[in-house]
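Derivation of every value follows stated rules applied to the coordinates shown; laboratory data play no part. Here the structure is a predicted model, which means the values were calculated and not measured. Please note: Cβ atoms are built from the backbone with ideal geometry, for glycine as well, and neighbour counts cover all protein chains shown.
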Amino acid sequence: MAGGFTLVTFGILNARRGTPLHLVPLGATPFTAAVDTRAGRVFVGTTQGVSVLDVTSSRVPRTLDERGSADSLAVDSGSGRLMAASGNGSVRIFDTRTGLLMHTTLLPSRAS
């Protein structure tokens, strides 16, 4: 921590060797990640939405829907969809090619 600012990075590793390929700076704390091998992208769920990482350039071309955290992610490479679930029970579905939010739903609460 320098000057009250903490730099948060996300590491991308070589799958065969386990050696670091890239350290990518993020603006928020990461919780989870999902990999789209077809597109060469890693989606990282953070405290401020979903960051999209390009694994070849190690850049963050965009952040999807910065309205809240993404605690769990799942990607369907075939359909080009990303599902992001939050602790408040919401599930957001994104188009991975355009980054557009396609649908949001709120799951029923689990009352005890």
Q.
Between 38, 62, 16, where does the largest GNM mean-square fluctuation fall for the chain, given springs only between Cα atoms within less than 10 Å?
A. 16
Q | Candidates 99, 49, 87: whichever shows maximal mean-square fluctuation once the chain is modelled as a Gaussian network with Cα springs under 10 Å | A | 87
Q: Kindly identify the stretch 48-112 as rounded, prolate or oblate by the Cα gyration tensor criterion: order the square roots of the eigenvalues as a ≥ b ≥ c, call it rounded if a/c is under 1.5, otherwise compare a/b with b/c, prolate if a/b is larger, else oblate.
A: prolate
Q. Hey, in the GNM for the chain with a 10 angstrom Cα cutoff, which one of 84, 15, 33 fluctuates hardest?
A. 15
Q: Could you list which residues have their amide H under 5 Å from that of residue 81, counting only those 5 or more apart in sequence or on another chain, with H placed in the peptide plane?
A: 76, 96
Q | Cut-off under 5 Å, modelled amide H: who pairs with residue 26 long-range | A | 8, 9, 10
Q. In nanometres, what is the gap between the two model label sites at residue 91 and residue 19, each 7 Å from Cα along Cα-to-Cβ?
A. 4.1
(Q) Which one, 73, 61, 19, projects farthest toward the positive side of the charge dipole computed for the stretch 8-106 from Cβ point charges (K/R +1, D/E -1)? (A) 19
Q. In whole Hz, what ³J(HN,Hα) sequence does the stretch 17-25 give by Karplus (6.51, -1.76, 1.60; θ = phi - 60°), x for Gly and Pro?
A. 9, x, 8, x, 9, 8, 10, 10, x
Q | q = 0.19, 0.21, 0.24 Å⁻¹, the chain: log10 I(q)/I(0) [Debye, one scatterer per Cα] | A | -0.97, -1.13, -1.38
